[in-house]
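The values are calculated or read from the model by the stated rules, or taken from the named source; none is laboratory data. No experiment lies behind these values; they were computed from the predicted model shown. Using ideal geometry, Cβ is built from the backbone for each residue, glycine included, and neighbour counts are taken over all protein chains shown. Note: accessible area is taken over every heavy atom of the protein model, side chains too, but ligands, DNA and RNA are not part of it. Shrake-Rupley method; radii C 1.70, N 1.55, O 1.52, S 1.80 Å.
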Amino acid sequence: VVDTLFPVAKGGTVVVPGGFGTGKTMIQHALSKWSDADIIVYIGCGERGNEMTDVLIEFPKLVDPRTKRPIMERTIMIANTSNMPVAAREASIYTGITIAEYYRDQGYHVAIMADSTSRWAEALRELSGRMEEMPADEGYPAYLPTRLAEFYERAGMFTTLGGAAGSISIVGSVSPPGGDFSEPVTQHTKRFVRCTWALDRQLANARHYPAISWIESYSEYVQEISGWWQENSGGEWIELRRRIMDLLQQETKLQQVVKL
């Protein structure tokens, strides 16, 4: 569902919106292990303490499939649990992206797992309230879209001054309250990213993981990476992808008829 239907290129940005328990953190764990990145920066922003503990216990056990070395050797953790000060939570996203830029400038390919940008936006809202600024949608500050844009626009492919290629790819999860994708953080984030893996509560309840909805998700990187896929799939990828999407949409229509 990721590589074939909704792929992301190096230097790309992805948002993973999903309600509580739909598997956002698990997708980021899987990408940390299997993505073609030299360095992983994992930002646990406002997450539950037990989730960060799981990461700290599980990651040292994971083995990098390419180097056969512990995955922890190329992973940087930024732990800001939900009980930590609001200012620290607001700073955690910037800390992560700055560290990523440091390694990118050395010619590394870096993947950032920001979990979750909703908690960061909530910290922003809290600080804004304390500074008595005028609130906008749902109490978030009016500059929320600007801050989100400033964060996601720091991703991309670069050529360093030494002539090497480096990149920063961002995978940001969003935890909309009640799984409502129309709330401000999800809506504004979708404006600035080119790929969305929307998690479906029904798929998660049916234990279908990853619970990425093939109807609500999309990727704008298909054209960019189609050349690579055509070479590596014997020229069949575009046609197979189109057929898969057609079948899935037909299934959705049939399910609606059955419900009627």
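Worth a mention:
- Out of 81, 117, sole residue that is open to solvent by less than 30 Å² (accessible area, probe 1.4 Å), among the β-branched types (Val, Ile, Thr) and touching a Ser or Thr at 6+ places or on another chain (Cβ under 7 Å): 117
- Residues of region 23-64 satisfying the condition of being assigned to a strand (DSSP E or B) and surrounded by fewer than 20 Cβ atoms within 10 Å (Cβ to Cβ): 63
- Note on region 125-172: residues that are crowded, with 20+ Cβ neighbours inside 10 Å and closer than 27 Å to residue 212 by Cβ amount to 12.
- One residue alone among 158, 181, 151 is more than 30 Å from residue 216 (Cα to Cα) and either of a type in the set (A, V, I, L, M, F, W, C) or within 15 Å of the chain's Cα centre (by Cα) (or both), and that residue is 158.
- Subset of region 1-27 that is under 19 Å from residue 92 (Cα atoms) and either out of contact with any Phe, Trp or Tyr (no Cβ under 7 Å at 6 or more places or on another chain) or of a type in the set (Gly, Ala, Ser) (or both) - its residue that is modelled with the lowest pLDDT: 25
- Per the listing 175, 219, the residue uniquely buried (at least 18 other Cβ atoms within 10 Å of the Cβ), touching a residue at least 12 places away in the same chain (Cβ under 8 Å) and either farther than 15 Å from residue 5 by Cβ or in contact with a Leu (Cβ under 6 Å, 6 or more places away or on another chain) (or both) is 175.
- Yes/no for residue 95 being polar (S, T, N, Q), closer than 27 Å to residue 27 by Cβ and open to solvent by less than 20 Å² (accessible area, probe 1.4 Å): no
- Residues of region 65-113 that are over 23 Å from residue 46 (Cβ atoms), assigned to a helix (DSSP H, G or I) and at pLDDT 95 or above: 102, 103, 104.
- From the list 214, 197, the one residue that fits, being within 24 Å of residue 41 (Cβ to Cβ) and either under 14 Å from the mean Cα position of the chain (by Cα) or crowded, with 19+ Cβ neighbours inside 10 Å (or both), is 197.
- When the residues of region 177-202 are filtered to those that are in contact with a Pro (Cβ under 6 Å, 6 or more places away or on another chain) and part of a loop (DSSP other than H, G, I, E, B), the one that is farthest from residue 148 (Cα to Cα) is 198.
- Among the residues here, residue 181 qualifies as in contact (Cβ under 8 Å) with a residue 12 or more places away in the chain, touching an Asp or Glu at 6+ places or on another chain (Cβ under 9 Å), over 14 Å from residue 96 (Cα atoms) and open to solvent by less than 50 Å² (accessible area, probe 1.4 Å).
- Only listed residue being out of contact with any helix residue (DSSP H, G or I) (no Cβ under 9 Å at 6 or more places or on another chain) and among the small types (Gly, Ala, Ser), chosen from 136, 123, 111, 100: 100
- Number of positions in region 28-47 that are modelled with pLDDT of 85 or more, within 24 Å of residue 211 (Cα to Cα) and among the charged types (D, E, K, R): 2
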